[in-house]
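Engineer: The following block contains the structure, expressed as structure tokens.
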Amino acid sequence: MKESSSQARSTWSSRWAFILVTIGSSVGLGNIWKFPYMIGLQGGSAFVLVYLLCILLIAWPLFMAEILIGRRGGGNPVSAMATTLAECGASRFWRVLGWVGILSALVILSFYGVVAGWVVDYLCKAIVGVRVETALEAKRAFDTLLGNPLQLAFWHTVFMVLTVGVVARGVVSGIELANKLMMPGLFLILVGLVFWGAVAGDMPAALHFLFDVHFEAITPDVFLAAVGHAFFTLSLGMGAVMAYGSYLDKKTSIAGTSIWVVACDTLVGLLAGLAIFSLTFRYGLEPSEGPGLILQTLPLAFSNMPGGRVFGVLFFLLVTFAAWTSAISLLEPFVAWLIESFGLRRATAAWGTGVAVWLLGIGVCLSFNAWSEYTLFGNNLFDVLDIATSRFSMPLSGVAIAVYVGWVMGKRIVAEEMRLPHGIFSVWFAVVRTLVPVAIALVFLHAITG
Ligand code: PHE
């Protein structure tokens with residue numbers, strides 16, 4: 001459809017376009033980098049089970065609530081909050097929710113872009129055929145990258161230019177087009193990798209590790225990690241889903257489209273886990289490696305397996321696509337706010353915001369080396385930004401969104417926007433009013449006290 005040349009806002013060209021871009025936002029480093037290493041650290045299948053429950057009972061209902069606010073408000077997160085609160089007569093205080101979202105998204109983007117830069121570096125290494133023979137060598141290669149601020153800054157810059165370049169082109173001819181090109185590629189590569197993992201790796205061991213039920217391994221910490229990750233992977237509480245929802249036309253069913261996004265996001269995480277762990281086990285590597293899992297453990301497997309070079313290139317291309325489409329959705333909410341509040345041209349808004357985020361990202365690059373002694377409670381800048389967003393602003397926004405939709409907006413408006421059969425609506429609404437805020441609040445309290 002049309003771009004917003006005049007005052008009219010863009011809308012996605014179809015319901016499927018919305019599904020695709022929202023999958024693009026949700027499927028990211030969270031699914032392919034973080035999810036597998038968290039499974040490894042949190043005791044395998046216990047984490048997977050709790051995570052699936054969290055997605056179904058907490059994150060998915062909230063995901064619908066966030067789309068709902070965006071579409072009802074028909075603007076960037078700040079103006080969507082202003083419009084909906086005016087409609088329901090709520091306190092202006094609620095605008096904070098929009099602000100927290102668009103600003104936290106920029107903070108996440110600053111370190112997300114740095115990690116994505118690592119991935120692009122590994123992609124280039126895989127293309128030129130760099131090999132690692134031992135675990136020590138793989139660790140050294142990763143440490144060398146982290147210790148080199150120029151190299152980190154270079155790849156971070158490349159990634160930010162890619163991200164801003166897409167957002168600057170517009171909602172339909174930039175964001176939608178980029179997702180239409182990258183997402184099918186991502187799925188094809190992923191299916192190919194799982195297949196290859198089944199042939200060249202130890203798939204039964206991976207299946208046991210991910211799906212054997214061990215109730216005794218479920219601890220409060222596993223629960224905490226699972227809820228946090230369910231939020232992160234569905235891009236909740238950051239204005240991204242709200243902003244994308246604001247370009248959704250009024251006729252489309254929120255519940256019907258969100259099912260696809262949630263299902264695909266979960267499937268991608270699980271498939272990535274299967275591909276990664278079947279190689280990890282086949283080559284006798286450590287599943288609980290932590291953040292280095294795909295950057296230290298996998299390159300070792302790639303160097304040893306038949307067809308490992310092609311596998312390596314495809315794998316890092318997959319992660320690059322995933323990170324890129326997510327980063328786009330982290331930038332768009334703030335850019336939309338600049339355009340709609342100050343009448344800026346999209347390109348100016350996108351590049352201007354990009355430079356600010358890039359600068360913060362340079363600080364993140366330095367926090368691994370030159371600035372590593374500057375810490376807060378033992379955390380470097382990278383950790384501080386990660387903790388501030390994933391442990392604080394994400395859950396707090398989550399509770400606020402649930403309370404706003406469940407208790408403040410009013411049942412009539414919410415029902416009108418959801419257009420669900422009465423019984424299903426009542427169940428969803430009850431979950432948003434009670435289970436979601438209580439569960440997130442408990443998890444949040446545990447996180448800050450424990
Ligand atoms: N969902 C993305 C991922 O899994 C990260 C993200 C968080 C994107 C918040 C947008 C907003 O990697």
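Engineer: Could you tell me whether any residue of the stretch 298-310 is out of contact with any Leu (no Cβ under 6 Å at 6 or more places or on another chain) and within 16 Å of the ligand (Cβ to nearest atom)?
Structural biologist: No, every residue in the stretch 298-310 fails to be out of contact with any Leu (no Cβ under 6 Å at 6 or more places or on another chain) and within 16 Å of the ligand (Cβ to nearest atom).
Engineer: Okay, next question. Any idea which of (1) among the hydrophobic types (A, V, I, L, M, F, W, C); (2) within 14 Å of the ligand (Cβ to nearest atom); (3) closer than 30 Å to residue 151 by Cβ is the one residue 62 doesn't satisfy?
Structural biologist: Tallying (1) among the hydrophobic types (A, V, I, L, M, F, W, C); (2) within 14 Å of the ligand (Cβ to nearest atom); (3) closer than 30 Å to residue 151 by Cβ, residue 62 fails exactly one: (3).
Engineer: Inspect the stretch 360-373 for any residue being open to solvent by less than 20 Å² (accessible area, probe 1.4 Å) and either over 21 Å from the mean Cα position of the chain (by Cα) or of a type in the set (Phe, Trp, Tyr) (or both) and give the result as yes or no.
Structural biologist: Checking the stretch 360-373: at least one residue is open to solvent by less than 20 Å² (accessible area, probe 1.4 Å) and either over 21 Å from the mean Cα position of the chain (by Cα) or of a type in the set (Phe, Trp, Tyr) (or both).
Engineer: Which condition number in (1) among the β-branched types (Val, Ile, Thr); (2) open to solvent by 60 Å² or more (accessible area, probe 1.4 Å); (3) farther than 13 Å from residue 164 by Cα is the one that residue 339 fails?
Structural biologist: Failing condition for residue 339: (2).
Engineer: Give me the residue from the stretch 71-84 that is under 21 Å from residue 394 (Cα atoms), more than 13 Å from the ligand (Cβ to nearest atom) and not hydroxyl-bearing (Ser, Thr, Tyr) and, out of that set, farthest from the chain's Cα centre (by Cα).
Structural biologist: In this case the residue turns out to be 82.
Engineer: Out of everything in the stretch 263-285 that is within 16 Å of the ligand (Cβ to nearest atom) and open to solvent by less than 10 Å² (accessible area, probe 1.4 Å), what residue ends up being farthest from residue 17 (Cα to Cα)?
Structural biologist: Kept after step one, since they are within 16 Å of the ligand (Cβ to nearest atom), are these residues of the stretch 263-285: 263-273, 276.
After this cut, where a residue has to be open to solvent by less than 10 Å² (accessible area, probe 1.4 Å) as well, the list is 265, 268-269, 272-273, 276.
Working: 265: 16, 268: 18, 269: 21, 272: 24, 273: 27, 276: 29 Å.
Once the filter is applied, the top-ranked residue is 276.
Engineer: Could you list all residues from the stretch 135-174 that are of a type in the set (S, T, N, Q) and either in a helix (DSSP H, G or I) or closer than 30 Å to residue 245 by Cα (or both)?
Structural biologist: Once the filter is applied, which keeps residues that are of a type in the set (S, T, N, Q) and either in a helix (DSSP H, G or I) or closer than 30 Å to residue 245 by Cα (or both), the stretch 135-174 yields 144, 151, 157, 163, 173.
Engineer: Checking residue 226 against (1) among the hydrophobic types (A, V, I, L, M, F, W, C); (2) touching a residue at least 12 places away in the same chain (Cβ under 8 Å); (3) farther than 30 Å from residue 395 by Cβ, which single condition isn't satisfied?
Structural biologist: (3)
Engineer: Just for the stretch 102-149: of the residues that are within 16 Å of the ligand (Cβ to nearest atom) and open to solvent by 30 Å² or more (accessible area, probe 1.4 Å), which one is nearest to residue 237 (Cα to Cα)?
Structural biologist: 103
Engineer: Among the residues of the stretch 354-370, are any over 15 Å from residue 110 (Cβ atoms), away from the ligand (no atom under 16 Å from the Cβ) and not polar (S, T, N, Q)?
Structural biologist: Yes.
Engineer: Turning to a different aspect of this structure: Answer yes or no: is there a residue in the stretch 229-239 that is away from the ligand (no atom under 16 Å from the Cβ), open to solvent by 10 Å² or more (accessible area, probe 1.4 Å) and in contact (Cβ under 8 Å) with a residue 24 or more places away in the chain.
Structural biologist: no
Engineer: Among the candidates 120, 161, 130, 213, which residue alone is at pLDDT 95 or above, aliphatic (A, V, I, L, M) and over 19 Å from residue 272 (Cβ atoms)?
Structural biologist: Just one listed residue meets the conditions, 161.
Engineer: Might you let me know whether the stretch 17-28 holds any residue that is modelled with pLDDT under 95, within 13 Å of the ligand (Cβ to nearest atom), open to solvent by less than 40 Å² (accessible area, probe 1.4 Å) and in a helix (DSSP H, G or I)?
Structural biologist: no
Engineer: Which members of the stretch 227-268 meet the condition of being part of a helix (DSSP H, G or I) and closer than 16 Å to residue 73 by Cβ?
Structural biologist: 240, 241, 242, 243, 244, 245, 246, 254, listed by residue number.
Engineer: Restricting to the stretch 193-226, count the residues that are outside any helix (DSSP H, G or I) and open to solvent by less than 30 Å² (accessible area, probe 1.4 Å).
Structural biologist: Residues flagged as outside any helix (DSSP H, G or I) and open to solvent by less than 30 Å² (accessible area, probe 1.4 Å) within the stretch 193-226 amount to 1.
Engineer: Still on this structure, I have one more. Go through (1) of a type outside the set (S, T, N, Q); (2) within 16 Å of the ligand (Cβ to nearest atom); (3) touching a Leu at 6+ places or on another chain (Cβ under 7 Å) and name the single condition residue 294 misses.
Structural biologist: (3)
Engineer: Checking residue 332 against (1) among the acidic types (Asp, Glu); (2) surrounded by fewer than 16 Cβ atoms within 10 Å (Cβ to Cβ); (3) within 15 Å of the ligand (Cβ to nearest atom): exactly one of these is not met. Which one?
Structural biologist: (2) is the only condition that residue 332 fails.
Engineer: Mind checking which pairs have a first residue in the stretch 293-312 that is open to solvent by less than 10 Å² (accessible area, probe 1.4 Å) and a second that is of a type in the set (S, T, N, Q), Cβ under 9 Å, 6 or more apart or different chains?
Structural biologist: As it stands, the answer is 293/280; 297/280; 298/280; 301/280; 312/303, since those pairs meet every condition given.
Engineer: In addition: Considering only residues of the stretch 240-255 that are in contact (Cβ under 8 Å) with a residue 40 or more places away in the chain and open to solvent by 20 Å² or more (accessible area, probe 1.4 Å), which is farthest from the ligand (Cβ to nearest atom)?
Structural biologist: 250
Engineer: Taking the conditions exactly as written (under 18 Å from residue 399 (Cβ atoms) and either part of a helix (DSSP H, G or I) or open to solvent by less than 10 Å² (accessible area, probe 1.4 Å) (or both)), does residue 98 satisfy them or not?
Structural biologist: yes
Engineer: Which pairs turn up if I take residues in the stretch 268-282 that are closer than 10 Å to residue 39 by Cβ and look for partners that are open to solvent by 10 Å² or more (accessible area, probe 1.4 Å) and modelled with pLDDT of 90 or more with beta carbon separation below 7 Å, at least 6 apart in sequence or on another chain?
Structural biologist: 277/209
Engineer: Check whether at least one residue in the stretch 175-192 is in a helix (DSSP H, G or I), open to solvent by less than 20 Å² (accessible area, probe 1.4 Å) and over 30 Å from residue 307 (Cα atoms), and report yes or no.
Structural biologist: Checking the stretch 175-192: at least one residue is in a helix (DSSP H, G or I), open to solvent by less than 20 Å² (accessible area, probe 1.4 Å) and over 30 Å from residue 307 (Cα atoms).
Engineer: Answer yes or no as to whether residue 82 is part of a helix (DSSP H, G or I) and in contact (Cβ under 8 Å) with a residue 60 or more places away in the chain.
Structural biologist: Working: part of a helix (DSSP H, G or I): yes; in contact (Cβ under 8 Å) with a residue 60 or more places away in the chain: no.
Answer is no for this residue.
The values are calculated or read from the model by the stated rules, or taken from the named source; none is laboratory data. Everything quoted here is computed from the prediction, not taken from an experiment. All Cβ positions, glycine included, derive from the backbone under ideal geometry; neighbour counts span all protein chains shown. Heads up: the accessible areas ignore ligands, DNA and RNA and are worked out on the full protein's heavy atoms, side chains in. Shrake-Rupley method; radii C 1.70, N 1.55, O 1.52, S 1.80 Å.
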